[in-house]
Amino acid sequence: MTTMALGKAINAGLRCAMESDPKVVLMGEDIGKLGGVFRVTEGLQQEFGEQRVIDTPLAESGIIGTAVGMAMRGYRPVCEIQFDGFAYPAFDQIVSQVAKLHNRTKGDVKMPMTIRIPYGGGIGAVEHHSESPEAYFAHTAGLRVVTCSNAADGHLMIRQAIASEDPVIFFEPKRRYWEKGEVDEQASLESAPLHRARVVVAGTDVTIATYGPLVSTALAAASVAAEEGISLEVIDLRTLSPIDFDSLEASVGRTGRLVVAHEASVFLGVGAEIAARISERCFFRLEAPVLRIGGFSVPYPPAKLEDAFLPDADRILDAVDRSLAI
Amino acid sequence: MTTVMARPDVPANPVPTPGQVDAQGLTPDQDLVQLIGPDGRRTSGSPFAALVADIGPEELRSIYRDLVVVRRIDAEATALQRQGQLGLWAPLLGQEAAQVGSARALGADDFVFASYREHGVAYCRGVDPTMMMRFWRGSTQSGWNPYEFGMTTPAIVVGSQALHATGYAMGIQHDGASSAAVAYFGDGATSQGDLSEAFGFAATFLAPVVFFCQNNQWAISEPVHLQSHLAIAKRGEGFGIPSIRVDGNDVLAVCAVTRHALARAYSGQGPTLIEAVTFRMGPHTTSDDPSRYRAPAEEEEWKAKDPLARVRALLEAEGLIDAAYLEQVTTSADETARSLRSGCIGTVEPLPMSLFDQVYAEPHPLIEEERASYAAYLERLEDQSS
Ligand SMILES: Cc1ncc(C[n+]2csc(CCOP(=O)(O)OP(=O)(O)O)c2C)c(N)n1
Ligand SMILES: [Mg+2]
């Protein structure tokens, strides 16, 4: 076990993947000499050369479109989109090409591509640097969508994503890049399935299902609740397409109450799908309707307003109270 | 089939490195419009010289004043960021002449579509520097009304504004008006599809748009040759857009070529691409550390081409500088800095409930519902804490 920050853990995971498979190539803006604006690819170009860690021209559609060709030629591209808000120039290539090629060619062509996207707010950034676009991608058939919340998962899940034969959108909670955790660098790819949620804290009263940047927030809410004698179960979803409904169902079977929290807008978000499915699966076990908290249906605001926009422990606890009041 | 193995008998294609590409296929300074020599003397040989022949002593002095003030705005903003008053700042240090020279050529009816670094252009359009600060402070997404100054607020998505400028120019054309749209963008932006599309539309429709590229040699850590092996100006030519390379650190040359491009636009001759060759002397933004990717020697080399020093040398050569004038310039810069500092620190921050304002132009029930439920939540929170 080594203690590492999340950003460093993803860096170490990328290094492992590159060492074990010479077909893994990294592509993106400023990822080489600079090591990425968040330094997630730091040192990799030095180590593996400019052919495997490619500083691309400033064009996201170009990055993903050429990665499609690289993948067709037998490579495993790992593309970095510098910030969430710059995934959209690449959206057409991702949705119309990356996601559909396997199906279009009846399985002849595979797209073992990983698209890393630092996402979410909380860093006081300017416009387009704090968005949570995961629902757009999870809504698209053909894409797998995952997100890590801690260093151990950062290291393991990036390797699993790269090893996947399908395209994986890999969301990294940028405001947690500096949070440290224990990482088992030897953990095998099979040590925990990529598409499985995890119960981070077991509890009995209300289940909080969340992911990425809000896992830490939910844990903070759980400790506050515990002081008041309320026992929260915190689930880190980890995977948004597919979603691990079995784990959610099991948890709701124990608590009877579910609050889903994400930074993305609530309207038509991941929480909406979970609320619908859990209502179907757990109708007679639910003590209260599934509640959702998250971003409002407004554009991500300027930095001075982001604390108001982002769900915090208080907003989670308020939802817990509302759930328990029913 | 899944994997095609690399053939061991075929050497991998070498990736071009800086040394292999001679400065974008050109020898330095070749076909670069320049009107102030390094010795501070105005040159008259260039056909562009006539376009700024009207710029006499008073205007030169006022241009220099603008350059100094703009540099001071930039320095003050950087200081404010270091002091925690701004979240971020994108310095224009080194690009003052490219911005002031081009902006001073514009007419009141022209419309600027900016990127995020055009503080000097904004200043020339009459934007109060305090308004510029509010965006970078994180207090608003838009520090001024674009219609009031004929200039958009920062476009963060690189390259997006070039298409908007082109469309605005198409509107000017449909109106039969004789003004122009001007798109400012960087060298990195030219790699975006949006730029190619803008060039294509503008050329097809002969739109009255000026594409003003500040080639400051870097896109964060990526040197310009990573975007283009040819001079950026050559890209315009490929689309049939007449293109000019200008010394971006020569304020008169920049002004002259911009006047030329505007005259073409006003008279129905269509778009022009200007590549202003300049240098980003500072970091990409206050979050950036250029020592990670570029050599101090390059910075030194460009220091010798400082755009302010050039005009100062011109003023001196023509005997236009005296102590009283220099004091005026300093006072002007000091006052601007003082005012933007107090304006920035005195910003009235937006209230949480303003999150729901101006999302749509017409009422939307979802917004109203969320506004009400958030207000109710804030009340509950208040009750609990009291
Ligand atoms: C679509 C998009 N991709 C990436 C970024 C991140 N980014 C911001 S500025 C920049 C470099 C831009 O370089 P250039 O166009 O040369 O302008 P300069 O910053 O040098 O003025 C990058 C990559 C962005 N803002 N938008
Ligand atoms: Mg640049």
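When the range B:338-386 is filtered for residues that are under 30 Å from residue B:71 (Cβ atoms), touching a residue at least 60 places away in the same chain (Cβ under 8 Å) and either away from every other protein chain (no Cβ under 11 Å) or open to solvent by less than 40 Å² (accessible area, probe 1.4 Å) (or both), the ones remaining, listed by number, are B:339, B:340, B:341, B:343, B:344, B:345, B:347.
The lone criterion from (1) within 16 Å of ligand 2 (Cβ to nearest atom); (2) touching a residue at least 12 places away in the same chain (Cβ under 8 Å) left unmet by residue B:226 is number (2).
For the range B:113-127, check the following and say yes or no: at least one residue is out of contact with any Lys or Arg (no Cβ under 8 Å at 6 or more places or on another chain), modelled with pLDDT of 95 or more, in a helix (DSSP H, G or I) and more than 16 Å from ligand 1 (Cβ to nearest atom).
The first filter runs over the range B:113-127 and keeps only residues out of contact with any Lys or Arg (no Cβ under 8 Å at 6 or more places or on another chain), leaving B:113-123, B:125-127.
Filter once more, keeping what is modelled with pLDDT of 95 or more: B:113-123, B:125-127.
Applying the additional criterion that residues be in a helix (DSSP H, G or I) yields B:119-123.
Applying the additional criterion that residues be more than 16 Å from ligand 1 (Cβ to nearest atom) yields B:123.
Checked against the condition, which is being out of contact with any Lys or Arg (no Cβ under 8 Å at 6 or more places or on another chain), modelled with pLDDT of 95 or more, in a helix (DSSP H, G or I) and more than 16 Å from ligand 1 (Cβ to nearest atom), the range B:113-127 yields at least one hit.
Scanning the range A:54-71 for residues that are open to solvent by less than 40 Å² (accessible area, probe 1.4 Å) and within 11 Å of chain B (Cβ to nearest Cβ) turns up A:55, A:56, A:58, A:59, A:60, A:62, A:63, A:65, A:71.
Against the test of being closer than 24 Å to residue B:225 by Cα, polar (S, T, N, Q) and either outside the structural domain of residue B:93 (by TED's automatic domain parsing) or touching a helix residue (DSSP H, G or I) at 6+ places or on another chain (Cβ under 9 Å) (or both), the options B:347, B:330, B:272, B:336 yield a single qualifying residue, B:272.
Within the option set B:176, B:186, being within 14 Å of chain A (Cβ to nearest Cβ) and open to solvent by 20 Å² or more (accessible area, probe 1.4 Å) holds for one residue only, B:186. Among what's in the range B:213-223 and is touching a helix residue (DSSP H, G or I) at 6+ places or on another chain (Cβ under 6 Å) and open to solvent by 10 Å² or more (accessible area, probe 1.4 Å), pick the residue that is farthest from ligand 2 (Cβ to nearest atom). This residue is B:217. Within the range B:102-150, if we keep just the residues that are among the basic types (Lys, Arg) and within 14 Å of another protein chain (Cβ to nearest Cβ), the residue that is surrounded by the fewest Cβ atoms within 10 Å (Cβ to Cβ) turns out to be B:117. Tell me, yes or no, whether the range B:266-281 has at least one residue that is within 14 Å of chain A (Cβ to nearest Cβ) and more than 15 Å from ligand 2 (Cβ to nearest atom). No, that holds for no residue. Within the range A:94-145, being among the charged types (D, E, K, R), away from chain B (no Cβ under 14 Å) and more than 16 Å from residue A:262 (Cα to Cα) holds for A:100, A:104, A:116, A:144.
Return the residues of the range B:170-199 that are hydroxyl-bearing (Ser, Thr, Tyr) and more than 12 Å from ligand 2 (Cβ to nearest atom); say none if nothing qualifies. B:178, B:179, B:196 - these are the residues of the range B:170-199 that are hydroxyl-bearing (Ser, Thr, Tyr) and more than 12 Å from ligand 2 (Cβ to nearest atom). Candidates are the residues of the range B:203-239 that are within 11 Å of chain A (Cβ to nearest Cβ) and among the small types (Gly, Ala, Ser); the one that is farthest from ligand 1 (Cβ to nearest atom) is B:228.
From A:154, A:142, A:107, grab the single residue that is small (Gly, Ala, Ser) and open to solvent by 30 Å² or more (accessible area, probe 1.4 Å). Outline the logic, then answer.
Working: A:154 fails: open to solvent by 30 Å² or more (accessible area, probe 1.4 Å); A:107 fails: open to solvent by 30 Å² or more (accessible area, probe 1.4 Å).
Answer to the selection: A:142.
Counting only helices (runs of 4 or more DSSP H) that sit completely within the range A:268-326, zero hold 1 or more residues that are assigned by TED's automatic domain parsing to the domain that holds residue A:238 and on the phi > 0 side of the Ramachandran plot.
Quick check, is residue B:158 crowded, with 20+ Cβ neighbours inside 10 Å, of a type outside the set (D, E, K, R), under 22 Å from residue B:91 (Cβ atoms) and away from chain A (no Cβ under 14 Å)? The answer is no for residue B:158. Beta carbons closer than 8 Å, at least 6 apart along the sequence or on distinct chains, pair a first residue in the range A:207-224 that is open to solvent by 10 Å² or more (accessible area, probe 1.4 Å) with a second that is small (Gly, Ala, Ser) and assigned to a helix (DSSP H, G or I) for A:217/A:313; A:220/A:313; A:224/A:313.
Quick one: which of A:125, A:152, A:161, A:187 is more than 19 Å from residue A:10 (Cα to Cα), of a type in the set (A, V, I, L, M) and at pLDDT 95 or above? Walk me through how you get there before you give the answer.
Details: A:152 fails: more than 19 Å from residue A:10 (Cα to Cα); A:161 fails: more than 19 Å from residue A:10 (Cα to Cα); A:187 fails: more than 19 Å from residue A:10 (Cα to Cα).
Testing whether each residue is more than 19 Å from residue A:10 (Cα to Cα), of a type in the set (A, V, I, L, M) and at pLDDT 95 or above leaves just A:125.
Picking from residues in the range A:72-82 that are surrounded by fewer than 21 Cβ atoms within 10 Å (Cβ to Cβ) and at negative phi, the one that is nearest to the other protein chains (Cβ to nearest Cβ) is A:73. Quick check: anything in the range B:190-202 open to solvent by less than 10 Å² (accessible area, probe 1.4 Å), in contact with a strand residue (DSSP E or B) (Cβ under 7 Å, 6 or more places away or on another chain) and near ligand 1 (Cβ under 6 Å from one of its atoms)? No, that holds for no residue. When residue A:85 is tested against (1) within 11 Å of chain B (Cβ to nearest Cβ); (2) farther than 30 Å from residue B:135 by Cα; (3) in a helix (DSSP H, G or I), just one condition goes unmet, and that condition is (2). Checked against the criterion of being within 14 Å of another protein chain (Cβ to nearest Cβ), free of Cβ contacts under 8 Å to residues at least 40 places away in the same chain and in contact with a helix residue (DSSP H, G or I) (Cβ under 7 Å, 6 or more places away or on another chain), the range A:240-253 has no qualifying residue.
Quick grid of which residues meet (1) closer than 21 Å to residue A:135 by Cβ; (2) more than 14 Å from chain B (Cβ to nearest Cβ):
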{"position": "A:255", "(1), (2)": "no, yes"}
{"position": "A:293", "(1), (2)": "yes, no"}
{"position": "A:319", "(1), (2)": "yes, no"}
{"position": "A:325", "(1), (2)": "no, no"}
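Yes or no, residue by residue, for (1) open to solvent by less than 40 Å² (accessible area, probe 1.4 Å); (2) modelled with pLDDT under 95; (3) under 21 Å from the mean Cα position of the chain (by Cα):
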position	(1), (2), (3)
A:226	no, no, no
A:257	yes, no, no
A:271	yes, no, yes
A:275	yes, no, yes
A:290	yes, no, no
A:308	yes, no, no
A:319	yes, no, no
A:325	no, no, no
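From the list A:49, A:28, A:13, A:43, the one residue that fits, being open to solvent by less than 40 Å² (accessible area, probe 1.4 Å), within 16 Å of ligand 1 (Cβ to nearest atom) and of a type in the set (Gly, Ala, Ser), is A:28.
The values are calculated or read from the model by the stated rules, or taken from the named source; none is laboratory data. In this text, all values refer to a predicted model and were calculated from it rather than measured experimentally. FYI the Cβ positions are ideal-geometry reconstructions off the backbone, even for glycines, and counts take in every protein chain you see. Surface accessibility is based on the protein's heavy atoms, side chains included, excluding ligands, DNA and RNA. Shrake-Rupley method; radii C 1.70, N 1.55, O 1.52, S 1.80 Å.
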